[in-house]
Each structure stands twice: as C-alpha cells, then as structure tokens.
Amino acid sequence: MSVLSRMQLAWGAGVGMTVAAVVAALLTPPQQPAAAEPAAQLPVGLQYVPTDAAAFGYVEFTQLWKSPLGDTFRKLKLPALDKELKDLTDLTGLKLEDLATATVYTPELKQPQDSSRLVVIITTTKAYDRKTLVALLENTPGAKTGKYENKDNVIRVTPNGGGEAIFADLSDDKRLVFGLGLKDDPKADPNRAAGPHTSLFKQAAGATLVGGLNFANLPDEIRRDDDNFPPQMRAFLPIAKSETMSLVGRLTAKELRLSVAVRSANKRMAGEVEKSLDILRGLAKVGLDGAEKELKQAEDDGDDVKALRPLLKVAGDVLKSGKLTVDDRTTTATLTVPVDLPYGSFVEFVASGSMTSNVHDQNNLKQLGLFIHNYESSFGTLCPSYLVDKKGKPTLSWRVMALPFVEQEGLYKKFKLDEPWDSAHNMKVFKDNPMPAVFLNSGDKAEDKTTRYRVFTGNAAGWDPTGRLKLIDITDGTSNTVAIVTAATAVPWTKPDELEFDPEKEVGKLLHFKGGRCDIGLFDGSVRSITKKVSEKTLKAAVTRAGGEVLGEDW
C-alpha cells in the first residue's frame with residue numbers, strides 16, 4: 001500500500017471514528033456532561049492542529065488498549081484486519097498496541113481539492129523502523145519523477161506536472177508526521193494564536209477522543225440560505241449555520257462518556273439547534289423501532305443476527321434516559337456508552353459481510369441479469385450454459401460469454417472459445433488475469449478465482465447448452481424462474497461446471513446460505529433473497545422454465 005493510501009486510510013479511520021461518535025451523540029441525547037477534568041499539557045498531536053482547522057480528530061490509543069475495548073479488539077478474528085496489521089508491522093516495525101496517539105486534521109475544506117490536503121500525526125510507545133519508511137518515500141512515483149529532499153529526516157516530495165506534494169517529519173523516532181498537499185509545513189505550537197477550537201483544546205487533557213468542526217472553513221454550500229437548502233434537510237439548517245461542533249470522549253473502567261457541543265452565534269440560534277436535535281431524537285426513535293421490527297423478522301426467517309440484539313437494546317436504553325442542555329449559545333448532548341458489551345461479535349458480524357454483502361452480491365446478480373437480456377437482444381437467443389467444441393464437449397462457461405457485456409471485452413478476446421477451459425492457452429489467460437469482480441461473492445477470496453454464481457441446466461431448467469432458448473420460452477414467467485444462483489460450491493470462473501437440475505434430488509443443499517439467506521437472480525433481472533424456509537417443492541418449481549407450477553406462499 002502506498003504512503004498516500006496509508007495516509008488516506010489513517011485520515012478516514014480517524015475522521016470516520018470522530019464523525020460516527022458525533023452523529024451517535026447528536027442522534028441520542030442522554031445524561032448531563034461529566035465534570036471537566038483539571039487542565040494539563042495539550043497532547044503533542046493536538047499541538048499541530050491549527051486552532052481554526054476545518055476538521056480534526058484525535059485518539060488516545062494507550063487508554064483504549066487498557067480498557068475492555070482493547071481486550072475485545074485483541075480477541076477479534078478478522079483475517080483481513082490481520083493482514084493490514086501485518087503490513088503495518090512490515091512497514092514500521094510496530095504492532096497496533098505500540099501506537100500511543102493518532103491525530104488527523106485538514107486545514108480547510110472550502111474547495112473540492114482541499115479534501116486531499118491533510119496531516120496525520122502518530123506518536124508511539126517504541127521506536128519505529130525509520131529506514132523502511134524513508135526507503136518507501138524515496139521510491140514513490142513523485143520522488144522518482146519530481147523533486148526529493150531529505151534534510152535530517154524531514155522529507156519533502158514534490159512531483160513534476162501536478163500531483164500532491166508529500167511532507168514527512170521522521171526526525172523523532174517515536175513521532176511520525178505526514179502531510180499531503182499542504183501550503184505550509186505542519187509544526188507543533190502549543191502557544192499559537194487563539195481560534196475557534198481553543199476552548200476545545202483546553203478540554204482535551206486526559207480525553208480519549210477529541211474532534212472538532214469549524215463551519216467557517218467548510219464549504220459555503222453547507223451554510224447556504226434557507227431557500228436553497230435541500231428541503232429534506234431544512235430542519236437541520238441551524239446546525240449547519242453554527243460556528244463549531246466539538247466532541248470530547250472520556251474513558252472510565254466501564255464506559256465511554258461522549259460529550260458533543262454545538263456552539264451557535266447567539267442564544268436564539270442555540271435554541272434552534274436544540275429543536276433540530278430534538279427532531280433527530282424523534283427520527284432515531286423511529287429508526288430504532290423500525291430496526292427492532294426488521295431484527296425480529298430476520299430472526300423469524302432464521303437469520304443469525306444475535307450480535308445485533310444487545311447493541312439495539314443499549315441504543316434504546318440511551319434514548320429513553322437522555323436529554324439535551326442549552327447553556328447560553330452552546331447546545332450540548334452527552335452519551336454514555338458501556339465498553340463491556342460484546343462489541344467483538346458485532347464487529348465480526350459486520351466484517352463477515354452479513355450486513356453489507358447482500359448489497360454487493362445483489363448488485364453482481366443484477367449486472368448478470370442485465371447481461372442475460374442484452375445477450376438475447378444481440379443474438380436473438382439466450383446464452384448457452386456453456387460452449388461446446390465440434391464434438392459436443394464443453395469448453396468454456398457462460399461466464400466467459402458474459403465478459404463483453406460486463407465491460408470485459410479485452411479479456412474476452414484473449415480466450416480461444418473452441419478450446420477447453422484448461423487448455424494450455426486458456427489456462428494461461430486464467431492464471432495471468434484477475435477474475436472480474438462481478439463474479440466474486442463477498443466473503444470469498446479474489447485470488448482463488450472461483451465463483452459461486454452458477455446456473456441450473458437440463459430437465460427443463462432455464463439454461464441449456466444448445467443456445468436455442470429465448471425469453472418467450474420461459475412460460476412460467478421470467479419473474480418466477482431462477483436464472484442464476486449463489487451456489488454452495490464455488491468453481492473456477494471459466495470452467496463449464498454448472499448445476500445439473502434433477503427433480504428427484506434436493507435443490508436446497510446446492511445453494512449457499514450466508515447468514516440464513518441465499519441471493520438468487522431471476523430471468524426478469526430482479527434479485528430475490530430467500531431463506532431456508534423455502535420448501536423443496538417451491539424451489540424446484542422456480543427452477544423449471546415451463547412446468548406450469550404455481551410458486552408456494554413461502555417464495
């Protein structure tokens with residue numbers, strides 16, 4: 001991963017965490033703010049942040065590692081994350097628990113190009129591998145084609161012909177400072193001139209999380225006039241017209257106390273902000289009620305969503321007990337989040353794709369459904385389930401024939417259609433090229449080049465190898481007939497290995513149920529997510545194209 005990618009990752013993680021916490025606290029107004037702690041020296045990372053920065057976020061990792069949240073994180077079973085952590089160790093010589101603090105900020109966000117201008121400051125508890133980082137910066141494209149300077153481990157890379165300049169201060173072996181596209185070098189200055197964030201910095205001592213937004217340095221569109229503000233967002237215009245929004249999070253042994261404050265221009269506007277947040281509270285209540293119904297329905301359908309239940313209960317409890325406060329021109333919401341809940345199971349549930357994979361997989365099936373229709377429009381018949389040679393022996397899967405219709409015509413032209421999928425030539429094409437993303441089911445590995453998107457063929461199923469069928473031959477109705485399924489067994493994507501339909505054998509065991517559901521594409525181009533409650537009789541009726549059956553109510 002490039003330096004730029006790593007900086008963007010750190011920015012996204014820090015700001016994402018800050019924004020998520022801000023939104024959570026604003027949506028959920030709970031108890032009174034905790035008493036301010038005694039003033040202390042400003043953390044090093046925050047000494048770099050301009051007092052008028054458009055946005056910034058700060059995380060105290062040392063506190064997190066010592067809390068139940070740290071224990072939860074260390075026990076997570078996430079292969080993808082393990083790989084990222086190994087990359088971190090290879091790059092810096094550090095493990096995640098060696099991180100002390102992380103700070104990210106962007107000076108201003110007035111113009112679109114400003115979004116790429118950011119600074120990342122990381123402090124560590126042990127020395128990092130400076131040599132590897134320097135070598136990485138020396139080999140960036142900008143360093144090779146542009147100007148590279150290294151003075152006492154303060155590095156500047158200025159690309160030729162455009163591109164963002166890179167700044168890296170590696171002079172302290174326990175502090176890394178990266179900057180991208182900056183007008184001025186970032187510098188630590190605890191005594192800099194006062195600004196919108198100065199009062200927030202005074203609260204930062206001992207805090208676990210700190211974040212801030214300075215609306216004056218955000219796009220002017222955010223503060224547009226009422227008449228031009230999107231109608232669906234007009235109720236929240238008072239927030240957009242505020243001066244600043246801040247977040248402070250303090251970790252105790254059992255809970256994380258978050259306090260979000262919105263500072264308005266005057267007391268009247270603060271009252272308007274309170275009304276906006278009250279509307280958000282109502283929307284949150286409606287959202288939780290809807291989520292409860294969806295969760296119950298998912299459980300009734302046999303989906304494994306138990307990881308969501310405790311978190312949904314906590315959100316409900318916080319909503320019931322919370323309230324907002326207004327002090328002069330500042331509106332404050334606080335939120336107390338338990339840290340000893342089974343967050344690990346929730347994170348693993350999300351990472352497994354149970355919450356998000358359906359969207360990805362269903363989009364794939366929709367693209368393939370569109371291919372089915374476009375192929376018939378181009379050739380007058382439906383695509384055969386696989387190609388055959390002159391002797392009638394299968395050569396390549398229908399998935400190869402789909403390539404020109406999914407923006408992969410270049411790859412399509414590399415195959416020899418009259419040769420087997422594993423011939424010397426076609427196997428070389430298979431090995432030398434990545435599998436198109438449209439064939440990758442979430443949760444599977446792209447490098448395996450296997451797919452679960454397969455079709456039923458034979459015995460009046462919707463596909464056959466003759467290439468003579470048309471959509472009008474699907475007399476059961478294209479919206480009632482299975483076109484492509486997510487199969488239990490993945491196969492090499494070019495291999496002509498499909499699912500032979502046998503009315504006497506079980507169909508359900510051939511399908512891949514993830515989180516209790518299996519995504520299926522129909523011949524009309526739509527996608528349906530079925531559960532294991534669908535009977536064999538209904539499944540078989542849906543597989544046949546002209547059986548005249550009526551699908552059961554379980555469909």
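The values are calculated or read from the model by the stated rules, or taken from the named source; none is laboratory data. Owing to the predicted nature of the structure, the values given are computational and were not obtained by experimental measurement. Here the Cβ is made from the backbone with ideal geometry for all residues, glycine too, and neighbour counts use every protein chain on show. SASA here: full protein model, heavy atoms, side chains in, ligands and nucleic acids out. Shrake-Rupley method; radii C 1.70, N 1.55, O 1.52, S 1.80 Å.
Cβ-Cβ distance below 6 Å, separation of 6 or more or different chains: which pairs start in the stretch 531-555 with a residue that is within 21 Å of Gln297 (Cα to Cα) and end on one that is of a type in the set (Lys, Arg) and assigned to a loop (DSSP other than H, G, I, E, B)? Sorted first by the residue in the stretch 531-555, then by its partner, the pairs are Asp554/Lys533.
Within the stretch 135-173, the set of residues being surrounded by 15 or more Cβ atoms within 10 Å (Cβ to Cβ) and not in a strand (DSSP E or B) comprises Leu136, Leu137, Thr140, Gly142, Ala143, Gly146, Pro159, Gly163, Glu164, Ala165. Residues of the stretch 348-370 include none that is touching a Cys at 6+ places or on another chain (Cβ under 9 Å), of a type in the set (Phe, Trp, Tyr) and either part of a helix (DSSP H, G or I) or modelled with pLDDT of 85 or more (or both).
Remark: pairs (first residue in the stretch 71-82, hydroxyl-bearing (Ser, Thr, Tyr); second residue open to solvent by less than 70 Å² (accessible area, probe 1.4 Å); Cβ separation under 7 Å; 6+ apart in sequence or on different chains) = Thr72/Tyr343; Thr72/Gly344.
Pairs linking a residue in the stretch 445-464 that is among the small types (Gly, Ala, Ser) to a residue that is open to solvent by 40 Å² or more (accessible area, probe 1.4 Å) and not in a loop (DSSP other than H, G, I, E, B), with Cβ atoms under 6 Å and 6 or more positions apart or on different chains, are Gly458/Glu500. Residue count for the stretch 142-181 under the criterion of being of a type in the set (Asp, Glu) and over 31 Å from the mean Cα position of the chain (by Cα): the result is 4. Considering the stretch 37-51, the residues that are more than 35 Å from the chain's Cα centre (by Cα) and of a type in the set (A, V, I, L, M) include one that is modelled with the lowest pLDDT, namely Ala39.
With the requirement that a residue be under 13 Å from Arg130 (Cβ atoms) and of a type outside the set (S, T, N, Q), what does the stretch 168-197 give you? Quick ask: steps written out before the conclusion?
Taking the stretch 168-197 as the starting set, the residues that turn out to be under 13 Å from Arg130 (Cβ atoms) are 168-177.
Residues satisfying the conditions are Ala168, Asp169, Leu170, Asp172, Asp173, Lys174, Arg175, Leu176, Val177.
Restricting the stretch 436-474 to residues that are polar (S, T, N, Q) and modelled with pLDDT of 95 or more, the residue that is most open to solvent (accessible area, probe 1.4 Å) is Thr450.
Scanning the stretch 253-266 for residues that are open to solvent by 50 Å² or more (accessible area, probe 1.4 Å) and part of a loop (DSSP other than H, G, I, E, B) returns Ala253, Lys254, Ala265, Asn266.
Please go through the stretch 497-547 and give me each residue that is more than 16 Å from Thr486 (Cα to Cα) and at pLDDT below 90, ordered by number.
Applying the first criterion (more than 16 Å from Thr486 (Cα to Cα)) to the stretch 497-547 yields 502-505, 524, 533, 535-538, 541, 544-547.
If the condition is that a residue be more than 16 Å from Thr486 (Cα to Cα) and at pLDDT below 90, then Lys533, Gly547 are the ones that fit.
Of all the residues in the stretch 475-487, those that are open to solvent by 40 Å² or more (accessible area, probe 1.4 Å) and either without any contact (Cβ under 8 Å) to a residue 40 or more places away in the chain or in a loop (DSSP other than H, G, I, E, B) (or both) number 1.
Restricting attention to the stretch 182-196, which residues are open to solvent by less than 30 Å² (accessible area, probe 1.4 Å) and touching a Gly at 6+ places or on another chain (Cβ under 9 Å)? Steps first, answer last, please.
Within the stretch 182-196, the first condition is being open to solvent by less than 30 Å² (accessible area, probe 1.4 Å), and the residues that meet it are 186, 195.
Within the stretch 182-196, Pro186 is the sole residue that qualifies.
Among the conditions (1) farther than 20 Å from Gln362 by Cβ; (2) out of contact with any Leu (no Cβ under 8 Å at 6 or more places or on another chain), Trp493 misses just one, which is (1).
Residues in the stretch 279-300 include none that are buried (at least 18 other Cβ atoms within 10 Å of the Cβ) and among the polar types (S, T, N, Q).
Taking only the stretch 113-129 into account, find how many residues are closer than 21 Å to Leu94 by Cβ, open to solvent by 30 Å² or more (accessible area, probe 1.4 Å) and in contact with a helix residue (DSSP H, G or I) (Cβ under 9 Å, 6 or more places away or on another chain). Residues in the stretch 113-129 being closer than 21 Å to Leu94 by Cβ, open to solvent by 30 Å² or more (accessible area, probe 1.4 Å) and in contact with a helix residue (DSSP H, G or I) (Cβ under 9 Å, 6 or more places away or on another chain): 4 in total.
Give the number of residues within the stretch 522-544 that are among the charged types (D, E, K, R) and touching a Leu at 6+ places or on another chain (Cβ under 8 Å). Lay out the reasoning, then the answer.
Restricting attention to the stretch 522-544, the residues satisfying the condition of being among the charged types (D, E, K, R) are 524, 528, 532-533, 536-537, 540.
Of the ones still in play, those that are also touching a Leu at 6+ places or on another chain (Cβ under 8 Å) are 528.
The number of residues fulfilling the criteria is 1.
Restricting attention to the stretch 386-439, which residues are among the aromatic types (Phe, Trp, Tyr) and not in a loop (DSSP other than H, G, I, E, B)? Hits for the stretch 386-439 are Tyr386, Trp398, Phe405, Tyr412, Phe430, Phe439. Pairing residues of the stretch 178-195 that are touching a residue at least 24 places away in the same chain (Cβ under 8 Å) and over 28 Å from Pro112 (Cβ atoms) with residues that are part of a loop (DSSP other than H, G, I, E, B) and among the aromatic types (Phe, Trp, Tyr), at Cβ distances under 9 Å and at least 6 apart in sequence or on separate chains, gives Ala188/Tyr48; Asp189/Tyr48.
Looking at this structure, is Asp328 within 26 Å of Gly70 (Cβ to Cβ) and among the charged types (D, E, K, R)? Let's see the steps before the verdict.
Values: within 26 Å of Gly70 (Cβ to Cβ): no; among the charged types (D, E, K, R): yes.
For Asp328, the condition - within 26 Å of Gly70 (Cβ to Cβ) and among the charged types (D, E, K, R) - is not met.
Contact map, the stretch 274-296: first residue over 21 Å from Pro238 (Cβ atoms), second residue open to solvent by 40 Å² or more (accessible area, probe 1.4 Å) and not in a helix (DSSP H, G or I), Cβ cut-off under 7 Å, separation 6 or more or different chains; the map is empty.
Could you please let me know if Lys202 is at pLDDT 95 or above and either open to solvent by 80 Å² or more (accessible area, probe 1.4 Å) or hydrophobic (A, V, I, L, M, F, W, C) (or both)? Working first, answer last.
On the way: at pLDDT 95 or above: no; either open to solvent by 80 Å² or more (accessible area, probe 1.4 Å) or hydrophobic (A, V, I, L, M, F, W, C) (or both): yes.
No; evaluated as a whole, the condition is false for this residue.
Among the residues of the stretch 499-555, those that are in contact with a Lys or Arg (Cβ under 7 Å, 6 or more places away or on another chain), within 25 Å of Asn374 (Cβ to Cβ) and either open to solvent by 60 Å² or more (accessible area, probe 1.4 Å) or outside any loop (DSSP other than H, G, I, E, B) (or both) comprise Leu499, Ile520, Leu522, Val527, Ser529.
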